[in-house]
1. Between ALA284, ALA11, ALA130, find the one with the highest GNM mean-square fluctuation for the chain; connect C-alpha pairs within less than 10 Å.
2. Got a sec to turn the phi values of the range 36-49 into Karplus ³J(HN,Hα) couplings, 6.51 cos²θ - 1.76 cosθ + 1.60 with θ = phi - 60°, whole Hz, x for Gly and Pro?
3. Between the helical axis of 100-114 and the dominant principal axis of the chain, each derived from Cα atoms, what acute angle in degrees is found, rounded to the nearest 10?
4. If you take the alpha carbon radius of gyration of the range 49-189 and divide it by 2.2 N^0.38 Å, what ratio comes out, to two decimals?
5. Among the aspartates and glutamates, select those whose C-alpha is under 20 Å from the C-alpha of LYS289, and discard any that sit fewer than 8 residues away in the same chain.
6. At a temperature of 4 °C and a viscosity of 1.567 mPa s, determine how fast the chain diffuses translationally according to Stokes-Einstein, using the Kirkwood radius over alpha-carbon pairs as Rh; express D in µm²/s, rounded to the nearest whole number.
7. Under 18 Å from a point placed 7 Å out from the Cα of ALA309 along the Cα-to-Cβ direction: which residues of the range 199-237 have their backbone N that close?
8. How high is the FRET efficiency from ARG114 to GLU166, r the C-beta distance, R0 56 Å, rounded to 0.05?
Amino acid sequence: MYLRPFDLKTATMKDWEALHRFDATIHAEFWGERPHPPFEQFVRDTRHGAPLWETRRYAMWNGQGHIVGLAAMWINRTGRNSHLMEATIDALPEWRRQGIARWLLAPIVTVACRHGIRLLKGVTSSASPAGEAFMRRLGGKPVMTTSTNVLAIADVDRALLRRWVEAGETGAVNFALEALAGPYPDDWLDGVSALYDAANDAPRGDLDAEDERRSPELLREMEAASAARGDERWAMIARHRPSGEIAGFTETYWNAAQPEGVDQAWTVVLPRYRGHGLGRWLKAAMLEKVLRERPDARWVGTGNADSNAPMLRINRELGFKPYRSWIVWQLEVGQAQAYLAEKAAEPLALVAPDPVLA
């Protein structure tokens, strides 16, 4: 058994194949029948993660060339929340309760300390109780519960969608919808950035985090990464006719490598324009577009904080149903250090030079 960094720039084909096999097993546990990305798509997704974070990975290998555990961490590079780092630890089911998670925690703590990070954020799934048990052993604090909700295309109430669209067209007379595929026009960027700022009022429970900011420059980086993954983004905006201001938007993502699924991303309305039914109008209009133009789609998935009552109400009315539940945790780096000190044992071999851990 040995632990080494998984460097995307130097990984061999065998490394990538091992990572793909490992991820497929974890994916099946977390997501059930939802298809795992094919190899080429998986490599694109992994290489072109969101530019919001600098990503590091450490893999635990056995003597047969298989990855049996993986630690991943995301260091915020936006200049905000520099005290906080998101991290995950996964291990193959048959390799759990053998101390692997403890060894994978060590590089997470080392990286956090090197970057002056005092708080770790993690997420555990209802599909894998082992994750929650480990977080409780560490002394982690559950700060929020969230859910992945799924709408089966076959169950869509098309008459309801039409009613919502017509209600928007006749009731919100000071607003108009505009659809867009691909990058945002330059003159939309400030308005879209303001909508992402408004999304900061979405619930985040007791998580010790400050508001994030997606500048126009960062939005362009996010678009480039999404395009490199092969994602096709559709956006629908609601524009305030008198002022010309972008009042709200909704986004969906689709990838030809996995055509059966559509990801419903943010739906946000600026606070001063709420109360006009724009959220329902935007969501219904987007779903009608998906029904017309994504013939291979079988489901639409989205994530919601369980405390986000307004959005959950809209999604429930549309027919979204709970699919997976998640717990968001925060853990002081000092607590993780204390745990590792208490559980200290003969270390595993760390192979391949790693300047972060040197």
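Only the coordinates and a few stated rules stand behind these numbers; no lab work does. All of these numbers come straight from a predicted model, not from anything done at the bench. Here the Cβ is made from the backbone with ideal geometry for all residues, glycine too, and neighbour counts use every protein chain on show.
1. It is ALA11.
2. With coefficients 6.51, -1.76 and 1.60, one gets 7, x, x, 3, 4, 5, 4, 5, 4, 4, 6, 5, 10, x Hz.
3. 70 degrees
4. Here the Cα radius of gyration is 1.52 times the empirical estimate.
5. Within reach: ASP155, ASP157, GLU166, GLU169, GLU178, ASP231, GLU232, GLU251, GLU260, ASP263, GLU317.
6. Rounded, D is 59 µm²/s.
7. 201-206
8. Efficiency for this residue pair is about 0.50.
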